[in-house]
Amino acid sequence: MNSFITQELIDYLKIKFGIVGFNGPMGDVIQALVQSAPTDLSILITGETGTGKEVFANAIHGLSKRKNKPFVSVNCGAIPETLLESELFGHEKGAYTSADSSRKGFFETADKGTIFLDEIGEMPYGTQVKLLRILESGEFTRLGSAELKKVDVRIIAATNRNLEYEVQKNNFRQDLFFRLKNVHLQLPSLNEHLEDIPILLDYFIEKISKKLSITAHPIDRETVELLKIQHWKGNVREFKNLIETIITLEKTSDITPKILRKYLTPALPPSTEFATSQYTPVRYNEPTSNESELGLIFRTLLEIQNSLNEVKHNVSLIKNDVSELKEDFEKMQYEYKIIEEKEIDTSNLEDMTLEEIEKIFVKKALDKFDGNRRKAADSLGMSERTLYRKITNWDIS
């Protein structure tokens, strides 16, 4: 884990913005997010579909000095080209046939706040000129008007396109591209940080189970391994949709390997055990008319791949066992009540309100575990989410 990424930061991003995962390249992205969010720099977020570009845009706004001002999200690809300029910059009465009154655009609505331009790569070339003007001076004109207006808006843009390639093809202005990417957040695909799958799975199980009033169950380790060997073309969005579909249809969050295989892509082996037994060892006999040299090589590669999958699976099980033993040991060290250590003066409790008493216990728990909210919540018998809410409401530092 990047030394910049603390447990407190991870908890905050998860609870406040739904950003889950910090392994591999995600650690670098989160560091760049936290460093750039408090500034007014324009930010370009790129990444494959489903990697969470809008989630990160919300976090940038929420961590900025503009967090109490408007956050306006615009999908440039969903608005017809003929209407996009009017929607962004507004129009005057009579600017076009159906414009029967003057209307503010998204930029005026977002004044003093943040505007998120999703799918910026779909923006028409002509509209890009007016966007560049706002980036440089904050000035624009409504459609059908010569009156110059000015706004103070921070711009966050996102796309799954390669804008450098679009610039070369003259589909996107080079000067706008450079102006947008003061800071560039390149979100990795889920396949680039598979180590985060257990964390994502736990997060979505808890969230979806709560929504459906279903008891959340512990994660099955073989289920995790099966999820890790899938190819997530739709990234985190596809992952979330799969988990939500399973829990909703099965009416349980106890996602066993047997249940999971019912919903996995049939083109992939349903399990490492099945894959291992599916292919027999290759015998290097003379190829027959139906078995070319290429076929032998392919079968050999499949056997090697299946063997590697089995080794990887077994190593993962061992690592999980060690991790569980470590957690059990740590839990034994701190799992006792604060009151038993007589750290709290109980002589005047009868003169205090329930909230005042609870506040004392929360402060003591946080002091006891050096601000570790997970341990403090466990010792108090409440969830981390509940503890975080109380900390915020009582302004406990």
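Applying 1/(1 + (r/R0)^6) with R0 = 22 Å to the Cβ-Cβ distance of Glu238 and Lys16, what FRET efficiency is obtained, to the nearest 0.05? If you can, show how the numbers build up before the last one.
Values: r = 24 Å, r/R0 = 1.09.
Taking R0 as 22 Å, the efficiency between Glu238 and Lys16 is 0.35.
Sort Leu200, Leu88 so that the residue with the fewest other Cβ atoms within 10 Å of its own Cβ comes first and the one with the most comes last. Before the final figure, lay out the partial values.
Details: Leu200 19, Leu88 24.
The most exposed by this proxy come first: Leu200, Leu88.
Report the FRET efficiency, 1/(1 + (r/R0)^6), for Leu132 and Lys112, where r is their Cβ-Cβ distance and R0 is 22 Å, rounded to 0.05. List each step's numbers first, then the result.
Working: r = 21 Å, r/R0 = 0.95.
Using R0 = 22 Å, I get an efficiency of 0.55.
Rounded to the nearest 0.05, what FRET efficiency is calculated for Glu8 and Ala146 with R0 set to 41 Å and r the Cβ-Cβ distance?
Details: r = 52 Å, r/R0 = 1.28.
That pair, Glu8 with Ala146, gives E of 0.20.
Expressed as a whole number of Å, what is the distance separating the alpha-carbon centroids of the range 75-100 and the range 173-220?
If you average the Cα positions of each part, the centres end up 33 Å apart.
Once you put a point 7 Å from the Cα of Asn393 and another 7 Å from the Cα of Lys228, both along the Cβ direction, what distance in nm separates them?
Result: 4.0 nm between the two label points.
Give the lysines whose C-alpha is closer than 23 Å to that of Lys104, dropping any in the same chain fewer than 8 places away, or say none.
Lys67, Lys69, Lys93, Lys112, Lys130, Lys149, Lys150
With +1 assigned to the C-beta of every Lys and Arg and -1 to the C-beta of every Asp and Glu, and no other charges, what is the dipole magnitude of the range 190-268 about the Cα centre in debye, to the nearest 20? Intermediate values should be presented prior to the final figure.
Numbers: 12 positive and 12 negative charges, 69 e Å.
Computed about the Cα centre, the dipole is about 340 debye.
Once you place label points 7 Å from the Cα toward the Cβ at Gln35 and Asn68, how far apart are they in nm?
For the pair Gln35/Asn68, the computed spacing is 2.9 nm.
Cut-off 18 Å, label point 7 angstrom out along Cα-to-Cβ of His184: give me the residues of the range 115-143 whose amide nitrogen falls inside.
119-122
Once label points are set 7 Å from the Cα along Cα→Cβ at both Ala216 and Lys169, what is their separation, rounded to one decimal in nm?
4.3
Rule-based calculations on the coordinates, nothing more; no lab input. As the structure is a prediction and not an experimental result, all values here were calculated from the model. We place every Cβ from the backbone using ideal geometry, glycine too, and count neighbours over all the protein chains shown.
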